[in-house]
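The values are calculated or read from the model by the stated rules, or taken from the named source; none is laboratory data. As the structure is a prediction and not an experimental result, all values here were calculated from the model. Glycine also receives a Cβ, built like all others from the backbone with ideal geometry; neighbour counts cover every protein chain displayed.
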Amino acid sequence: MNGTGMILLIDAGNTRVKFGWLEPGGMRREPAPLALAHAELDGLAAWLAALPARPSGALGASVAGAAMTAALDALIERHCRLPVRWQHSTASAGGVLNLYENPASLGTDRWISLIGLAARTPAAALLASFGTATTVDTLGPSREREGEGAPAGRRFEGGLILPGPELMRRALANGTAGLPYAEGDSTGFPRNTHAAISSGIAAAQAGAVLRQWRSAIETLGEAPELYCTGGGWPLVAGELAAVLARHQADLGLPAQAPRWLDAPVLDGLASLAAAATA
């Protein structure tokens, strides 16, 4: 990336691509990201034309597969005359040490999101992403570096992967003879099949997050802040907020509700871009 111009940020996910920007001089970000389904990428041209300045660099993270990544390369080259610098998971970056057994095998979206989270808070934190898959990742708190040349001040401790809420719904509808595609709300004591399925999915998702939250307390010695993102969040939100509040009260901890992040991958890309242009 060169000098002082606006930097285009690209988060290519399994079903949608999010676009944002960073203005290095003033460190301004997009007021809201542009989100386009894979089949709607023609809508990018009008958004680019309305930007306050022409991009001078492009930084991206992709889990969308080789074909979609190549299509985005061609699209950005056509409209901006720029190559995209695609980021990958590494052993350390952005002040975070990656403790995955094979750091390169960690999903790029998870890794970049953790870098963005590290820039947001110095506290221990959990990031629960309710997408096609649900991931629950733990970021250790900011610590003093242990020695000269230590690669990072934060640690990605590890995380869970499980089917996301929508995938659970479809698995029950498609994998059984008698269960419908559920459209009910989550409730404490479901009394119809739609509500029973929705409540079971919400309970399973919240239970996975609470498992990691309790594990983080035991391992890190402090209750982590909880951040959530992803299109499946509305189904899980009420259940997770309620059970988290109960656990906090049981442990004598101050109440701290889950916090929503709109675009954690873009946050991480912005953090890396800001560091590169500082």
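General remarks:
- So residue 254, is it over 20 Å from residue 161 (Cα atoms) and assigned by TED's automatic domain parsing to the domain that holds residue 115: yes
- Among (1) surrounded by 21 or more Cβ atoms within 10 Å (Cβ to Cβ); (2) of a type in the set (D, E, K, R); (3) assigned to a loop (DSSP other than H, G, I, E, B) - the single one residue 169 does not satisfy: (3)
- Residues that are closer than 20 Å to residue 70 by Cβ and surrounded by fewer than 12 Cβ atoms within 10 Å (Cβ to Cβ), drawn from the stretch 16-42: 37, 39, 40, 42
- Considering residues of the stretch 70-105 that are over 24 Å from residue 42 (Cα atoms) and of a type in the set (Gly, Ala, Ser) only, the residue nearest to the chain's Cα centre (by Cα): 89
- Residues located in the stretch 213-263, provided they are assigned to a strand (DSSP E or B) and either among the charged types (D, E, K, R) or surrounded by fewer than 19 Cβ atoms within 10 Å (Cβ to Cβ) (or both): 225, 259, 260
- The single condition from (1) under 14 Å from residue 139 (Cβ atoms); (2) in contact with a strand residue (DSSP E or B) (Cβ under 6 Å, 6 or more places away or on another chain) that residue 219 fails is (2).
- Subset of the stretch 172-212 (residues that are outside any loop (DSSP other than H, G, I, E, B) and polar (S, T, N, Q)): 174, 193, 198, 199, 205, 212
- Condition met for residue 112 (in a helix (DSSP H, G or I), in contact with a helix residue (DSSP H, G or I) (Cβ under 6 Å, 6 or more places away or on another chain) and surrounded by 18 or more Cβ atoms within 10 Å (Cβ to Cβ)): yes
- Residues in the stretch 160-186 that are more than 22 Å from residue 129 (Cα to Cα) and of a type in the set (S, T, N, Q): 174, 176.
This table checks each residue for (1) in contact (Cβ under 8 Å) with a residue 12 or more places away in the chain; (2) not charged (D, E, K, R).
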| position | (1), (2) |
| --- | --- |
| 12 | yes, yes |
| 15 | yes, yes |
| 25 | yes, yes |
| 32 | yes, yes |
| 37 | yes, yes |
| 42 | no, no |
| 46 | no, yes |
| 50 | no, yes |
| 54 | yes, no |
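- Each residue in the stretch 12-29 was checked for being more than 21 Å from residue 130 (Cα to Cα) and either among the aliphatic types (A, V, I, L, M) or outside any strand (DSSP E or B) (or both), and 5 of them qualify.
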